[in-house]
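The values are calculated or read from the model by the stated rules, or taken from the named source; none is laboratory data. Because the structure is predicted, anything quoted here is derived from the model rather than measured. Because the Cβ atoms are built from the backbone with ideal geometry, glycine has one as well, and the counts that use them run over all protein chains shown.
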């Protein structure tokens, strides 16, 4: 992910997979040695931190890569059963292991060890434990009190830890702050955009995102926000949120929908929608190869893959119906002469 970027993840209907995506982002920060900031209005940040998935060891990854090589059709021990004349010809391509991997792999069936969690430096913001501003807060402000306190907490961490350059970090020890905000804009944050089509503070969320993006641009920070956009009544607010974000992805779960029982999507649990990709310091964004992505939850991993639909195989025959086939069978049984004189003809 890009530094100094704002990534918005539009939640699925039940928030199951979006929370898992947020945990992946935070777990990558712990493994990479980054500082982590967790903000939530519903779940205690410490409980989210304890449930981060455990990383897979390099030995397991190497075993998986080796098994893939052994099962690949291009291995030297494979014999060609069809077109045997090409068996001894030189191979044009050889399968090789990648020299480097991007990021890490995690086992969602396990949680991180206490030693890994203790080595990480974390900051948290749990809204129910925050004391309201009271008399110091101007009720006529366009930003709710909860958003303002969250923004002040993030700004304080960025300034005190030197991510904005005010307290320069030591040479060779520069670090990045990873900020994860869970279910922003829900009713628990004191915002009514999910309850009314014409909310009281129509621009409260966009004002907060403007200020947050300014903090990210001027510091070594990156932020991932999960947001229940399917509950927002005013669709114009969703368009503004996407415009203010550097990257926007959406999770569309098949739970409770018609696609859950559709055999075309039996291998997947939902669609991974890419609404916007970053174009920092450039005029245009890099176009991806494909936007048809889907995700599935395996026993140990959360996988995002290209959407491959199976071929459309039907019970009917394309060139003739069952009645035509029955008529052709009668013509064949009566001989070639009668077949030539009949209305039906044979296809060779």
* Structure fact -> In segment 105-115, anything within 17 Å of residue 45 (Cβ to Cβ) and in contact (Cβ under 8 Å) with a residue 40 or more places away in the chain is listed as 111, 112
* To do: Please determine, by comparing only the residues of segment 236-245 that are under 20 Å from the mean Cα position of the chain (by Cα) and either assigned to a helix (DSSP H, G or I) or at pLDDT below 90 (or both), which one is surrounded by the most Cβ atoms within 10 Å (Cβ to Cβ).
  => 241
* Within segment 212-235, can you find the residues that are part of a loop (DSSP other than H, G, I, E, B), touching a helix residue (DSSP H, G or I) at 6+ places or on another chain (Cβ under 9 Å) and surrounded by fewer than 17 Cβ atoms within 10 Å (Cβ to Cβ)? -> 218
* To do: Could you tell me whether segment 307-316 includes any residue that is surrounded by 14 or more Cβ atoms within 10 Å (Cβ to Cβ) and modelled with pLDDT of 70 or more?
  => yes
* Asked: Just a yes or no: is a residue in segment 246-261 loosely packed, with under 13 Cβ neighbours inside 10 Å, at pLDDT below 95 and within 23 Å of residue 306 (Cβ to Cβ)?
  -> yes
* Structure fact -> Out of (1) assigned to a helix (DSSP H, G or I); (2) more than 20 Å from residue 250 (Cα to Cα), the one residue 21 does not meet is (2)
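Conditions tested, residue by residue: (1) under 27 Å from residue 32 (Cβ atoms); (2) under 21 Å from the mean Cα position of the chain (by Cα); (3) at pLDDT below 95; (4) surrounded by 20 or more Cβ atoms within 10 Å (Cβ to Cβ).
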{"site": "186", "(1), (2), (3), (4)": "no, yes, yes, yes"}
{"site": "191", "(1), (2), (3), (4)": "no, no, yes, yes"}
{"site": "200", "(1), (2), (3), (4)": "no, no, yes, no"}
{"site": "276", "(1), (2), (3), (4)": "yes, yes, yes, no"}
* Among 184, 220, which is the only one that is closer than 30 Å to residue 168 by Cβ and in contact with a strand residue (DSSP E or B) (Cβ under 8 Å, 6 or more places away or on another chain)? -> 220
* To do: Just give me the residues in segment 24-58 being out of contact with any helix residue (DSSP H, G or I) (no Cβ under 8 Å at 6 or more places or on another chain), in a helix (DSSP H, G or I) and in contact (Cβ under 8 Å) with a residue 12 or more places away in the chain, in sequence order.
  => 24, 25, 27, 28, 29, 45, 46
* For segment 288-303, indicate whether the set of residues that are within 30 Å of residue 198 (Cβ to Cβ) and either assigned to a strand (DSSP E or B) or at pLDDT below 90 (or both) is non-empty. => no
* segment 25-39: number of residues that are within 21 Å of the chain's Cα centre (by Cα) and closer than 13 Å to residue 122 by Cβ -> 9
* The lone exception for residue 8 - which of (1) within 19 Å of the chain's Cα centre (by Cα); (2) in a helix (DSSP H, G or I) it fails -> (2)
